[in-house]
Structures are given as C-alpha cells and as structure tokens.
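Here's the structure, in structure tokens; my notes come after.
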Amino acid sequence: THALTFLGLESSCDDTAAAVVRVSDTGREVLASVVSGQTELHAPFGGVVPEIAARAHAEKLDLCVEEALAKAGLALSDLDGIAVTAGPGLIGGVMSGVMCAKGLAAGSGLPLIGVNHLAGHALTPRLTDGLDYPYLMLLVSGGHCQFLIASGPENFTRLGGTIDDAPGEAFDKVAKLLALPQPGGPSVEAEARKGDPRAIALPRPLLDRPGCDMSFSGLKTAVLRARDQIIAEHGGLPKARRADLCAAFQASVSDVLAEKSRRALREYLTQAPAHPALAVAGGVAANKAIRGALETVCAEMSVAFLAPPLALCTDNAAMIAYAGIERYQGGGRDGMDLVARPRWPL
Ligand code: KG4
Ligand code: ZN
C-alpha cells in the first residue's frame, strides 16, 4: 500500500481544528495539527453558546486549514483525501465543518470522508502507538465517558458509560462550587495534592451495581452538601478543608473509574486479545491520580496501559484525519450528500 496523506477538520464543540496526517508503510505521522480554542468567547456566558460557536467555527476553519497546510508544507493537490467530523456534537459547528470540507473536496476533486468524533478519539492510540485491534478504550472528557472495545475503524462495542454527567463536567462543577478557576480539572487536581482524601467521606456511585455504567452527578451534589456543612461549622470554607474536599472528590472519581475499568477489562479479556491493552483519551486522562489508578489496575491484570500525549487526548483534527484514512482504507467514501448529525452513537 502506498502512503496516504489526509487533511482533517474538527468543529463539533468549542475547538476549531485542522490537521494533516500521513500514513505509510513506515508509520503514522502528524505533519501539522492546528487547534484554535474559543474559551474567551464563551467565558462571559459560563458555558458554550452554540450560536457563538458555530459562527466562530465558520470564521476560523479556512484559516486553520491554511495554517495546517502551510505547516505541513503541502498544497491541497498533494493530499489524498479530506476527512471531517460529521457528528456527534453541536449541530451548527458540525455543519460549518461539513460545508467547509465539501467546498474543499468539490474544488480539488479529492475524496470526502465523514468521521464520527468519538471514533476519532477511539482510534488515537493507533495513530500514536500503532495499537493492534481489539483494544479497550476509556473515553473520559468534559462531554463523554464510556468504555469501548475497538475491533476496527467502524467496529466498536460499548460496554457502558455515564448515565448522567461526564467526569470532566463534574470536575468543572466542583471547581465552581469551591470558587476555583475553570477549567476545573487542573485546578481541582492542584488543590487535591494539598488535601487528605480520607478527611471527608464521599460516595462511590454505582459501584454496588454490576456492569460498567457510571454516574457522577450525585457525587457533585455530595460535594455541595459537604461544602455547606463545613461552611455552617466554620462560618466559611477554610483553605485546608477545601483541599480535603478536592482530594476526596478526586479519590472518588478515580476509585469509580478504576473499579469500572477492572470490570470492563474482565469482559474484554474474554475475547483473548493477542496484545491486551487499555487506552485512554479525553481531557480527564491528564489527571495524574486517575492515570495512576488506571495504571495500577492494568498492571494487576497484565494489560498494557496507553495514554496518548495530551494534545492528542483532547479535541483535535489529527485524530479525525487519521480515522478518515482508516475508513478510506476500508473502502469508506462519502458524497456531497454527507449530513451533519448532532447525535451519532458509535
Ligand atoms: O477532552 P476535552 O479537552 O474536551 C471535551 O470535553 O471534549 O476535556 C475537557 C475536560 C474538562 O472538563 C476539564 O476540566 C477536564 O477535561 N480536565 C481534567 C484535567 N484536565 C482537564 N479533569 C481532571 N483532571 C485534570 N488534570
Ligand atoms: Zn471530544
């Protein structure tokens, strides 16, 4: 097989991204990856505003594409295809990306490939480490939380996931409750390092139930109650108690993710994979305590543990370009009738 070079576009949430990825006999290479965030645009509103996101994507996509091609030192005519996130996500943003990709494909005559955003995350450990199918994937971000067995570029088995909030969302809400800066993940993790996780008892939701489903919204409510109790006792929230709360919350999330990973691994191992592996993706995978807990579980069960570099764990277009190449290699093609899908389960 000869080398394939794809442009990827991503605009399903609050990052506009374009990337160029090349796959050849000798390996897989990210030639350029450009990500333009919108955090400042949405900050005054305390959350992502879909209309603002869509407009910003429409404005930024062309620039991101130009920058990615320039960084890769390539022209459109050097490429073999164009991959774009076709869902799931905020519909306005996904539509901006799909329209941009259609324009580029129509102008250049290159094949157009629609990619599921979640498949992009799930295939990342193949891009970064050449992981063999089947492997177990834990996707943990601000918007997603699920276990998937990846058996092919379009072949995923979902073993379970959150029934309410994603862990990143819980970290962000806890930060808000404790007056810590956003995004909450890094600030709660930094506070947790100064606290004692055993000082405050928090629940471990759904551990008493079989299976791999998880729940994090009750945990956030438990943090709120514990906070109010401390405030009632002390007439305020002492810094040391706030650190304890962060540590207790983080310990609960990591206990739940570790135990559910153990169960998911047991189910996955019944397939007797040749090279058993658990890979993580998503912003929450940056958390050292959570990473450590998952590493321990994998060591216990003699399974390789993989965490791609953070820039490829969070939303990016390199994963979309790569997933597009795998789909293309498997014969996948889309036409000008490719539609943006707000919901698209794997
Ligand atoms: O994957 P991502 O960049 O975006 C999507 O949600 O798609 O993930 C962002 C989420 C945020 O909720 C953020 O608070 C969380 O990942 N996060 C963390 C850490 N760094 C980022 N959560 C826990 N610990 C961290 N160190
Ligand atoms: Zn994502």
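Bear in mind that the values in this text are calculations on the coordinates, not laboratory data. Note that the coordinates shown come from a computational prediction; the quantities given were computed from them, not determined experimentally. Quick reminder, even Gly has a Cβ in these numbers, built from the backbone with ideal geometry, and neighbours come from all protein chains shown.
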Choose one of 135, 84, 168: the residue whose Cα lies farthest towards the positive end of the charge dipole of the stretch 41-191 (beta-carbon charges +1 Lys, Arg; -1 Asp, Glu; about the Cα centre). 84
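So for the stretch 177-252, averaging the separation of alpha carbon pairs under 8 Å that are six or more residues apart and normalising by length, what relative contact order in percent results?
Details: 88 pairs, mean separation 38.7, N = 76.
Relative contact order here is 51 percent.
List the residue ranges in the chain for DSSP H helices whose C-alpha atoms run 27 angstrom or more along the long axis and whose Kyte-Doolittle average is -1.0 or above. Show your work: numbers first, answer last.
Numbers: long enough: 50-72 (31 Å, 0.03); 239-269 (44 Å, -0.32).
The qualifying helices are 50-72, 239-269.
Pairs of alpha-carbon atoms within less than 8 angstrom and 6+ residues apart define the contacts here; what relative contact order does the chain have, in percent?
Details: 754 pairs, mean separation 82.5, N = 346.
Worked out over the chain, it gives 24 percent.
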In which sequence would 214, 301 go, from the one with the fewest C-beta neighbours within 10 Å to the one with the most? 301, 214
Just want to confirm a number: the relative contact order over the stretch 135-274, from Cα pairs under 8 angstrom separated by 6+ residues, in percent. 26 percent
Summing -39500 (n - 2.57) over the DSSP H runs of n ≥ 4 in the chain and dividing by its residue number, what mean residue ellipticity at 222 nm do you reach, to the nearest 500 deg cm²/dmol? -14500 deg cm²/dmol
Sort 24, 187, 252 by Cβ crowding within 10 Å, fewest neighbours at the top. 24, 187, 252
Determine, for 163, 325, 230, the number of other Cβ atoms within 10 Å of each Cβ, and report the residues in order from fewest to most. 163, 230, 325
GNM of the chain, Cα pairs under 10 angstrom: of 29, 300, 59, the biggest fluctuation goes to 300
